[in-house]
1. Just going by the charge dipole of the chain, with Lys and Arg at +1 and Asp and Glu at -1 on Cβ, which of LEU440, LEU216, SER331 is farthest out on the positive end?
2. Tell me the mean residue ellipticity at 222 nm calculated for the chain from its helices only (DSSP H runs of n ≥ 4, each -39500 (n - 2.57), averaged over every residue, nearest 500).
3. Along the range 221-236, what does the Karplus equation 6.51 cos²θ - 1.76 cosθ + 1.60 (θ = phi - 60°) give for ³J(HN,Hα), rounded to whole Hz, x for Gly and Pro?
4. Is the range 78-125 rounded, prolate or oblate when judged by the Cα gyration tensor, a ≥ b ≥ c being the square roots of its eigenvalues, rounded requiring a/c under 1.5 and prolate requiring a/b larger than b/c?
5. Tell me the trypsin sites (Lys or Arg not before Pro) within the range 177-281 that lie in a loop according to DSSP and have at most 16 other beta-carbon atoms within 10 Å.
6. Expected output is a single nm value to one decimal: the length gained when fully extending between VAL213 and LYS176, i.e. 0.36 nm times separation in residues minus the C-alpha distance. What is it?
7. For the range 132-290, what does the relative contact order come out to in percent, with C-alpha contacts under 8 Å and a separation of six or more?
8. Can you pull the one-decimal nm distance between simple spin-label points at LEU226 and TYR278, each 7 Å off the Cα toward Cβ?
Amino acid sequence: MLNTSQKNFFSYSYLFGIFLLAASLPWSNLLMSISQFILLLSWLLEGGLIKKIKNFTKNKTAVVVSSVFVLHLIGLTYTSDFTYGMEDVRKKIPLLFLPLIFSSSTPLRKETFEKVLSLFSLSVTAASFVCFYILLGFTHRQILQPQEASIFISHIRFGLLISMTLFILGYLFASKKFLILKIFIPLLIVWLILFLIMMESATGLICTALVSVILLLRLIFSTRNLAIKFSLLAAIILGGIVTAKTFSSLSGKFYIQPVIDKENLLLLTKSGNPYSQYTSDLETENGNYVWINVCEKELSEEWSKRSSMDYYGKDLRGNEIKYTLIRFLSSKGLNKDAEGVKVLSANEVKAIEKGIPDVNFIGIFNPTARIQKIIWEFNTYTKGGNPSGHSVVQRLEFWKTAVGIIKANLLFGVGTGDVEKAFDTQYEEVNSPLTKEWRLRSHNQFLAIGTAFGIIGLLWFLISLFYPIVSENKIRDYFYMTFFIIAFLSMFTEDTLESQAGVTFFAFFNSFFLFCREEKNQTDKTSL
């Protein structure tokens, strides 16, 4: 039997574990593991274990949420690669432990609950400053793409954390009356949005935009003030128009083909060398044809004067330098000859060496760069280009492959441990255009579950996602629904639960918002 001081010690160590876990999410997988170990140890040593387990089993929501872990255990019973399966189960442990611990422990007072969220927000913001420092090049770390500045966790997971932080900051701004917060919080919100743009975090930006629209629509339907209704509606419509016009303008550079005057094409360069004119190749860059006015003899000679990297070799991203150079010159509207290479600045030569194919992609703040890259990927893919290495269109190949596996293993899937093996086999069977290094898994959480556990497992997973909204009446819960929408949207383009950072993000906030808050009918005396 523990005395009062011992109970207090374990209560505070439990709180420390929560704060440490919230703070470690954007920084370290190791700290995430340590903080969860502290939580589990405090939970066990505090005593009352039987009562806690009973409280957990009586909480239907907690049981349903944690059952996803059980699904992975069941998948081990019919897998052939047990070693891989056990490693996958190890990653999924937070899906069991966090609902178990949080649902059977004393809930937090509102003040403590908000302090956890505030610490998380400050930690994410601090991580963004560090990543920005790296992006600026002060660490002399080789950064070929903005996303590579996210050195602690995947830039995609980091984008989700930033999106979550933005809405937490929005809540703190609306609920707190301190003047310094009213000034400081909007600055942080603006900074984090700018940082998402600099990092070209499509997932983070899309999640933030869609959740914002949903919240605005909810406010429109709930408010009785007509002026507010029409102002918000106008803001949504205006935002939609600006977005549509931006996409239309950028798409025009790829899909509205300029006319080629074949009768008046240039024959010779300024030095008297013949141009090659590949008029049947309609690839464009920044609205200019790539394969018009090309003289590789001059390109090779002049490039060797500007760079130590071989014209016929690879750039730092692994693409052919000559192809990157030709695309870059095309993006500037220059002929692909000696004169074109001569006018390149030293900074532009370095950009080409790094694998940057378009002058518009240079610099750390290009609001439309990511959109242009995605449009280019689709344009090239639809014309028969290889999707390997192109983050968006190669997902189409991942998804096709996953669907093929699911069709062949419709009811129960291939099991927890055989997913990677199934993908390797399917890629070979369909003769996938993806090169071997890019033959990855589904990058879609629903397809990942369907591949491993079939239609039955996918249905189980979907029930575990939506059950808490119904059972706990969370549809009007700002925090839970914000988190849920962000996590749910991320699962369409990412296998969010297949990495430690992703599964911990999901398991922590899902359990934290469901079980860690003091209910209105509880008093502060029964809360931490």
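The values are calculated or read from the model by the stated rules, or taken from the named source; none is laboratory data. Note that the structure is a prediction, hence the values are computed from the model and not measured. Neighbour counts run over all protein chains shown; Cβ positions are idealised from the backbone, glycine included. In case anyone asks, the SASA skips ligands and DNA or RNA and just uses the protein heavy atoms, side chains included. Shrake-Rupley method; radii C 1.70, N 1.55, O 1.52, S 1.80 Å.
1. In the chain, that residue is LEU216.
2. Using -39500 (n - 2.57) per qualifying helix, the result is -21000 deg cm²/dmol.
3. Whole-Hz 3J(HN,Hα) from phi for the range 221-236: 6, 8, 7, 9, 7, 4, 4, 5, 3, 5, 5, 5, 4, 5, 5, 5.
4. In terms of gyration-tensor shape, oblate.
5. Details: sites: LYS177, LYS182, ARG218, ARG224, LYS229, LYS245, LYS253, LYS262, LYS270; in loops: LYS177, ARG224, LYS270.
Sparse-neighbourhood loop trypsin sites (Lys or Arg not before Pro): LYS177, ARG224, LYS270.
6. Numbers: separation 37, 0.36 × 37 = 13.32 nm, distance 2.32 nm.
Going from the current span to full extension adds 11.0 nm.
7. Once normalised by length, the contact order is 15 percent.
8. It is 6.2 nm.
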